[in-house]
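Reviewing the structure listed below.
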Amino acid sequence: MKMRSLMLVVSGIAALSVAALSTSASERIKLTPEMSEKEIARLHPKDVEPSLLPLDSIEELHTTGTPQEVNVATWRLRVKGEKVNASLSLTYEELSQMEMIEKKVILICPGFFVDYAEWEGVPLSTIFEKAKVEEGYETITFYALDGYSSRFSREEVENNLLFLALKVNGETLPKEHGFPVRLVAEDILGGRWVKWISAIDLK
C-alpha cells in the first residue's frame, strides 16, 4: 500500500492517540489516500471506513508465513465437529462451483502493514447449510496446512464478518496469499486471517 500521511476526518478526535481510538460503526474514521500506511496500521479495522482508498494490486499485498505447496487434486476442505451433522470433504472444484460473494475488505497487521483488496469467496452460511450445522454451536476453528489455527465465536460468524476467499482482485489466490482457500475476517486483525485452510471444526 502506498505511504499516506495521517488525516483523521472525524471531528473532535484529533487530539486523541490513534492507538487508543475506538469508534462505533457510525463514527468510523474515513481513511483517505493521503494517510500513511504506518498510521493506519495503528488503528483497528473495526474503527475505520476504507472505501475511499485505492485497491492494492496483488503485487503490493504483503505476505507472512511460509507458502504451502498444495496438490489441488488431493487437497480437501474438511468440515467437522460436535455441531456438524453431515461432515464434509470438499474438493477445490466443488468450492469453486458454489455461489460466491465479493467484498472490499481492509486487512491490518497492527503496527506493521495494511492491505486493501477485493476478495471473492464462499459465505460460511453456504458451508453450514451443506454440513447441517446445529444452531447451538459456540465456536468455529479454522486450521491451516502449516499448523496454524484461529478460533472465532458464533457472534463473529453471525455478524457476517467471515468468508472463505478463493480469489483476490478477480484472480485466483496466489500461493503466498493462501491458495487454495484463505479466511477473510472483516473488522478483525490480520493475524487471524488463516491462510492455506485445510479444516473447519465447530463446537
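Each value in this text was obtained by applying a stated rule to the coordinates, not by laboratory testing. It should be emphasised that the depicted structure is a prediction, and the values quoted were computed from it without experimental measurement. Glycine gets a Cβ as well: all are built from the backbone with ideal geometry, and neighbour counts include every protein chain shown.
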Amide H neighbours of V133 at under 5 Å, excluding residues fewer than 5 places away on the same chain, with H built from the backbone geometry, are N85
Whole-Hz Karplus couplings 3J(HN,Hα) for the stretch 68-78, θ = phi - 60° and coefficients 6.51, -1.76, 1.60, Gly and Pro as x, run 9, 7, 10, 8, 4, 5, 10, 5, 9, 9, 9
Simple SL model, points at 7 angstrom along Cα→Cβ for C109 and S87; separation in nm is 3.5
Expressed in nanometres to one decimal, the distance between label points 7 Å along Cα→Cβ at R192 and K175 is 3.0
Summing -39500 (n - 2.57) over every DSSP H run of at least 4 residues in the chain and dividing by its residue count gives a helix-only mean residue ellipticity at 222 nm, to the nearest 500 deg cm²/dmol, of -2500 deg cm²/dmol
Counting only backbone N atoms under 17 Å from a point 7 Å out along Cα-to-Cβ of T63, the residues of the stretch 122-155 in range are 145-146
Computed from the beta carbon distance with a Förster radius of 35 Å, FRET efficiency for L52 and E138 to the nearest 0.05 stands at 0.40
For 178-191, 105-118, ranked highest to lowest by mean beta-carbon neighbours within 10 Å, the order is 178-191, 105-118
Rounded to 0.05, the calculated FRET efficiency for the beta carbons of R76 and K38 at R₀ = 45 Å is 0.65
